[in-house]
Amino acid sequence: MLGRCSGIVVFLALAGTWEAASRLGVVSALYFPPVTVIAATFGKLAASGLLPAQVGLTLARALAGLALAALCAVPLGLCMGVSRRFRGLLSPLVEVLRPVPPPAIIPAAMLFLGIGDGMKVFVVFFACFFPILIGAADGARAVAPGFRLTAAAYGVSRPDALLRVILPAAGPSVAAGLRTAVPMGLIVAVLSEMIGATNGIGHYILRMQRTFAIPEMYAGVAALGLAGLCCNAAAQWGLGRLTRWSGGDRPGD
């Protein structure tokens, strides 16, 4: 509680410093408008529905890409963790693609998919896939062999064992991969909108900067920051609830 209060004090102090520097002419008010002006602009744009609509588009794309990545990466990662042969087949491809920065594939994605939602969802998918895959694989590989042997002794099939034994035991590692993927997906969604889009909060921020609507630009950045804060809190709470039994990734961590 004390840490949170201290963080709020630091935030207010920085905002006050910005406000004073802008009002006194220490910095250019054109590029650094007073915080009160930015806040008023933010309130006006939020009340009009413009900012919520743009943020909503970005979040929808990020969530779609994240969901697709989780649906593909979790089962593949579990299989890589429990099967040495399967891991040997996929590891070279994973190790080649995993270091590629997600923004680097945006031009290629635009070439094949255009600038529509498909391109943005694919880029988010690419960015989120590997953290989730590695988390699932590491978690499955760390599961004690006794769990698998017990399941086999009771005649549990491999697919059922993956779902009922390996996945719950690897839950904290899977949750850690998802926690890493959530902010990454949002960041890449915004970048893809800045490079090729006609809407979304990334496109809105860049358009405001190009037209020198500086308070509107900062209002968009503030809206994006609030959206990221809410997404991180929701992911922390939701994944913490799912893995509470294991003692990992708790909401309070």
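The values are calculated or read from the model by the stated rules, or taken from the named source; none is laboratory data. Keep in mind it's a predicted model, so treat the numbers as computed, not measured. Because the Cβ atoms are built from the backbone with ideal geometry, glycine has one as well, and the counts that use them run over all protein chains shown. To get the accessible areas, we keep the full protein, side chains included, count just its heavy atoms, and leave off ligands, DNA and RNA. Shrake-Rupley method; radii C 1.70, N 1.55, O 1.52, S 1.80 Å.
A compact table of results
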read-out: Accessible area of the chain divided out per residue, in Å², using a probe of 1.4 angstrom; value: 55 Å²
read-out: Calculated from backbone phi, Karplus (6.51, -1.76, 1.60) coupling profile of region 195-210 in Hz, x at Gly/Pro; value: 8, x, 6, 10, 7, x, 5, x, 5, 5, 4, 5, 5, 5, 5, 6
read-out: The chain - mean residue ellipticity at 222 nm from DSSP helices (-39,500 (n - 2.57) per run, n ≥ 4, rounded to 500); value: -26000 deg cm²/dmol
read-out: Protection proxy ranking of 6-17, 106-117 - average other beta-carbon atoms within 10 Å, highest first; value: 106-117, 6-17
read-out: Reported label for calculated Rg and Dmax of the Cα atoms in Å given (i) 18.2, 56; (ii) 22.1, 76; (iii) 17.5, 52; value: (ii)
read-out: Computed E for Val9/Ser83 - FRET, C-beta separation, R0 51 angstrom, nearest 0.05; value: 0.45
read-out: Segments 128-136, 75-83 sorted - mean Cβ within 10 Å per residue, highest first; value: 128-136, 75-83
read-out: Cα gyration tensor shape for region 1-60, rounded if a/c is under 1.5, else prolate or oblate; value: oblate
read-out: Extension reserve of the Ala39-Val27 stretch, reckoned as 0.36 nm per residue once the Cα distance is removed; value: 2.5 nm
read-out: Cα gyration tensor shape of region 58-126, rounded if a/c is under 1.5, else prolate or oblate by comparing a/b with b/c; value: oblate
read-out: Calculated from backbone phi, Karplus (6.51, -1.76, 1.60) coupling profile of region 37-52 in Hz, x at Gly/Pro; value: 5, 4, 5, 5, 5, 4, x, 5, 5, 5, 5, 6, x, 5, 5, x
read-out: Among 26-35, 173-182, 85-94, 201-210, the order from most to least packed when residues are scored by Cβ within 10 Å on average; value: 173-182, 201-210, 26-35, 85-94
read-out: Sulfur and carbon atoms: percent of accessible area, the chain [1.4 Å]; value: 72 percent
read-out: Tensor-based shape of region 179-230 (alpha-carbon gyration tensor, a/c under 1.5 rounded, otherwise prolate or oblate); value: oblate
